[in-house]
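Notes follow once the structure below has been shown.
Readers should treat all values here as calculations from the given coordinates under stated rules, not as data from a laboratory. Predicted model, so just to flag it, every value in this text is computed and none were measured. Note that we place each Cβ from the backbone using ideal geometry, even for glycine, and neighbour counts take in every protein chain shown.
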Amino acid sequence: MTAIRCVALLAMLAVFLPAVICEEEAALGEVIGDKGVGMAGYPPPSNVVEHSKIDLDIRDIEKAGSDYALAKTIYTEGKHSNSGDAKRTLQSFSTKYLSGSAQQEPMAKLAYDFWGDWDYSNQHLLAVMEPLDSTVYGDYKTGKWGSTDDARKQMIKKVLKFQTTWLYALHELEGSWSKYNDESKTDEERYGIGGAVHAFDEYWAFYVGSLEDGSVESDEEDGAGLGYGPYIAAEKLATPMGTDGYVVSNGGKSYVNWELMFHAHAVQRLLQKPGNEEKLKDAFKCIRAMMKVPLVQACIRYSYVTTTKWQTDDFAKYKGEMWAFCSAALPFVHEVDANAAQTLKQETQMSNLKAPDFGKIKEVFNGVTVNKMGIRCKDVGHLTGDDYEDADHEECNDVDLVAENEYADAKLCPKTKMPSSGSMLRGSWLLSVGALLLAYLMH
């Protein structure tokens, strides 16, 4: 084997390798995302820095603690995220749905069908902050549990992240689909960086936030631990639900965020070329399904933990966490089984003075219900580890994976392939090329 042969081979690879990097599917165990890049490893082509700073408002509202007047001021007036010459507000994320085309978005319609308010998360947050007794959302003024600071603080920070910001992130996802398909626009307005791609980048910026690097949160300084966006739910639920073991480049470990990261890179590329409508339609169904999963996982986990905290000093805190997450999942359940949704609400709502019946809640999330929501049992997982030995919680059994949910379908996730690009060489390709190189040199 000569140096000339090696140099010649490397030159050939440099010429031909980009040509053979074609569409690929996600390979399990592969690192997804760009190391050292903010927003958990996704490099947005457009400028969404100000959008991502909305998580700083959530952080400051959390730090306000029981100073509810300060929390409400930040919520209604904004603080860190600029939108043109004005401040972007978390309240506007919810009130956006009071009129206009946003009411046609699938997740928004589900929430309205269940709660009866287009700005349901805003109504819920105002009830907590004022406080008010609401027959719909909870008794936060006089209720035994709802009136406590422990419960109210949990409700505020979790409704903000996992209902208000979560839904608005999906609003931008739907916006990218609309812009891509808007035939009244020029090609540049549709497929350029400032068109559908920018709206998609906004979705990711709101989902992840400005602080997220994917590592484990334990009171680290900003930028050194988990952020304050919806992204964190999947990370925190991955280990107790047994859906960890994946690698997002900046430290994430959950299957949900691994799948969403792969789709973020793929969809961003698909949006920049015409003719990808069918691929994008399937990819968006996957994303919507994955976005549901952490809320279902959290409802299950916190329901169980709350049962273990009955008649302890921590019960109000955990009840607040349980209700925040289960109230987020209720519209998904109601869509496919109204009776199951009523059971879930009765067991978890703030006004219920008893400990939740975890047996009933487990049954709500059986295989039929989960599949009809467009997600698979393996996506949700099951409570696992020493802390959950007494939960007697097993992964549900898929029953009806043939029936398709109109707007969300996790079965379609594997169909998404990474469009060709020299900017993101995947581990599987490098291993294959490395094997060929070694075989040639050893010949």
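I need to check one value: relative contact order of segment 228-330, counting alpha carbon pairs closer than 8 Å and at least 6 residues apart, in percent. Display every interim value, and only then the final one.
Working: 94 pairs, mean separation 23.0, N = 103.
Relative contact order of segment 228-330: 22 percent.
Hey, which lysines would be in cross-link range of K273, C-alpha to C-alpha under 27 Å, not counting anything within fewer than 8 residues on its own chain?
K35, K179, K185, K281, K285, K411, K415, K417
Could you give the length gained by full extension between T142 and D113, i.e. 0.36 nm per residue of separation minus their alpha carbon distance, to one decimal place? Walk me through the numbers before you get to the answer.
Details: separation 29, 0.36 × 29 = 10.44 nm, distance 2.76 nm.
Computed gain between T142 and D113 is 7.7 nm.
Give me a comma-separated list of calculated 3J(HN,Hα) values for segment 137-147, in order, Karplus coefficients 6.51, -1.76, 1.60 applied at θ = phi - 60°, integers in Hz, x for any Gly or Pro.
9, x, 9, 8, 9, 10, x, 4, 9, x, 7
Could you tell me the distance between the Cα centroids of segment 32-72 and segment 298-348, to the nearest Å?
Cα centres, segment 32-72 to segment 298-348: 26 Å.
Bins of 10 Å, beginning at zero and ending with the bin holding the largest distance: percent of Cα pairs per bin for segment 115-262, please.
The percentages, shortest bin first, are 11, 29, 29, 23, 6, 1.
Taking 7 Å along the Cα-to-C-beta vector as the label spot, tell me the E130-E404 distance in nanometres, rounded to one decimal.
4.4
Under a 5 Å amide H to amide H cut-off, with H placed in plane at 1.01 Å, what residues pair with D133 once short-range neighbours are removed?
Hits under the 5 Å cutoff: Y140, K141.
Once you compute Rg and the Kirkwood Rh from C-alpha atoms, what is the Rg to Rh ratio for segment 46-187?
1.01
Which FRET efficiency, nearest 0.05, do E277 and N82 yield, Cβ-Cβ r, R0 30 Å?
Details: r = 34 Å, r/R0 = 1.13.
It comes to 0.35.
Expressed as a rounded percentage, what relative contact order does segment 300-416 have, with Cα pairs under 8 Å and six or more residues apart? Before the final figure, lay out the partial values.
Working: 134 pairs, mean separation 26.0, N = 117.
Relative contact order, segment 300-416: 22 percent.
Compute the Cα gyration tensor for segment 78-149, then decide on rounded, prolate or oblate, letting a ≥ b ≥ c be the square roots of its eigenvalues: rounded whenever a/c is under 1.5, prolate when a/b is larger than b/c in the other cases, and oblate in all that remain. Could you put the intermediate results ahead of the total?
Details: a/c = 3.51, a/b = 1.32, b/c = 2.67.
Taking the square roots of the gyration eigenvalues as a ≥ b ≥ c, segment 78-149 is oblate.
Taking θ as phi - 60°, what are the ³J(HN,Hα) couplings along segment 76-85 by the Karplus curve (6.51, -1.76, 1.60), each to the nearest whole Hz, with x for Gly and Pro?
Each residue's phi maps through the Karplus curve to give 8, 10, x, 8, 9, 9, 8, 10, x, 8 Hz.
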